[in-house]
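A quick write-up on the structure given underneath.
Quick note: the coordinates plus some simple rules give every number you see, no bench work behind them. This one's a predicted model, so the numbers in the text were calculated from it and none came from an experiment. Cβ: placed from backbone, ideal geometry, glycine included. Neighbour counts: every protein chain shown.
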Amino acid sequence: MGSPPLFFNWSSKIVTWLGISAFSFLLLGLYWGLILAPPDYKQGDVFRILYIHVPSAIMGESIFIFMAFCGFINVIWRAKISGMMIKSAAPIGMSFVLLTLLTGSIWGKPTWGTWWVWDARLTSTLILFFIYMALIGLHSTIDDKTKADRAVSILAIVGVAIIPVIKKSVDWWQTLHQPSTFTLTSAPSMSAEMYQPLLLCVIAFYIVFAYLLTLNLRNEVIEREKSKNWVKILLERSK
Amino acid sequence: MTNWINLILRKDLLIAFRRSSTYITPLIFFLIVITFFPLALGPNQNLLSSLAPGIIWIAALLASLLSMETIFSDDYRDGTLDSFFISLEPTFLLVLMKVAIHWLITGLPLLIAASLASLILYLPFESFLPLLLSLVLGTSFMSLLGSLGASLSLGKSAILSAIIVLPFSIPTLLMGTAVVTSAALGQDYNGFLMIMGAMLAIGIPVISLLTVEALQLNYE
């Protein structure tokens, strides 16, 4: 799997199926959450933005952990594909964090009365956004792309330290943002009718990420290997 | 074993003190930034006194960030960095030595400047010693982070190094200002100092190893 042409051939088989399942899961999850789920007793219908806000937040953090994992593999085993994975996943992760911040602001205005507050979780999510940007910026500055992959691998490994800070920030500091609803040890504090569509949305977002990552990776592979023979044969065949 | 310590120590300190701008410019930058705050916010003593911890810390952060630009560039250009990788000593120890000496040159004078700044910003007297203690731990960690940023952006613009390092310096900033403000309120500030020390303790091995990894990228 570490070799780019092998990855490209394997992904050609799964990419359409991945796209269809991503689209259908997303449609299902969002319809269930945004339309079918019962309204909240305190917030009414405005709480429905939860079904976009929470999965985006989970994705923003998971993608960074994924990038740190790929960075670890890249630095130690120098597998080319793991380096390309970081470059392909970074913009997707950054978009999810941006979506989290924007939907959070939109949700905060009617419920808290403010677009922004400098509490622990919001601030640390903003820091995550900056770290994503620093990573993408660093990659674009270095011309030799294999070297650039190694540089962002190092940055991703260092940056993963912010993730536990975000997750635990609502527990450590008494803040405006509500504490975690899901924990590994106790039942969720939300009613079943509300968190079931939420779980489906989280799964849907994961599949969407896998689909977007595959698309990005395929592009990246072609771009990096465009002088190689197998790409030339591929382009000839597709003409 | 102590041979390489003496070598790097003597070489870097000699070069730094021959070119006085190496240790004077971060100081002057720090003082200029400090001066801008009363100019922009007004000379109200109560206001400045309450903002003093934050102002001094931000100025120290920016000054230590900008002074890290040249830590590896001269050595990379004239080939001394190559000998770091060829030598029998573990490279991360040599890099750590360079960072430590760089801190002696740029971070330590900052403590003197910070004392001056605390006078002109009307910092409460109880916060003075905690400020210096937090700055010692904080600027050392900033030197480590700055070396990582400098190694990743070797030969590139200074702003890139700043973008990489600044998000990671936020915990240091939070803890540092927490030390000073809690000292001003008469509370116990040792916990925050211990957290800063813990960050330094984890950072010294981890960040120096990653810095070596990043420096090696330039020799592919």
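A few notes on this one:
- Taking the alpha carbon gyration tensor of the stretch B:2-219, multiplying each eigenvalue by 5 and rooting it gives semi-axes of 32, 18, 15 Å, largest first.
- As a rough footprinting exposure proxy, the listed residues A:Leu235, B:Leu145, B:Leu93 were ranked by other beta carbons within 10 Å of their own, and the order from fewest upward is A:Leu235, B:Leu93, B:Leu145.
- Most fluctuating residue given options B:Ser64, B:Ser20, B:Ser49, as computed from a GNM of chain B linking Cα atoms under 10 Å: B:Ser20
- Between 0 and 90°, nearest 10: helix A:192-224 axis offset from chain A longest Cα axis: 20 degrees
- Net charge, B:Arg10 excluded, C-beta distance under 14 Å - Lys, Arg +1, Asp, Glu -1: +2
- Placing +1 on the Cβ of every Lys and Arg and -1 on the Cβ of every Asp and Glu, with nothing else charged, gives the protein assembly as shown a dipole about its Cα centre of roughly 1000 debye.
- With q set to 0.21, 0.25, 0.26 Å⁻¹, the log10 of I(q)/I(0) for the stretch A:1-86, from the Debye formula over equal scatterers at the Cα positions, is -1.04, -1.16, -1.17.
- Shielding of A:113-120 by partner chains, average beta-carbon count, 10 Å: 0
- Three-way shape label, the protein assembly as shown, alpha-carbon gyration tensor, a/c 1.5: oblate
- GNM flexibility winner over chain A from A:Lys145, A:Lys87, A:Lys13 (Cα, springs under 10 Å): A:Lys13
- Under a model in which nothing but the beta-carbon of Lys, Arg (+1) and Asp, Glu (-1) is charged, chain B shows a dipole of about 340 debye around its Cα centre.
- Candidates A:Gly159, A:Gly108, A:Gly44, ranked by Gaussian network fluctuation over chain A, Cα under 10 Å, top entry: A:Gly44
- Mean residue ellipticity (222 nm) of the protein assembly as shown, computed from DSSP H runs ≥ 4 via -39,500 (n - 2.57), nearest 500: -27000 deg cm²/dmol
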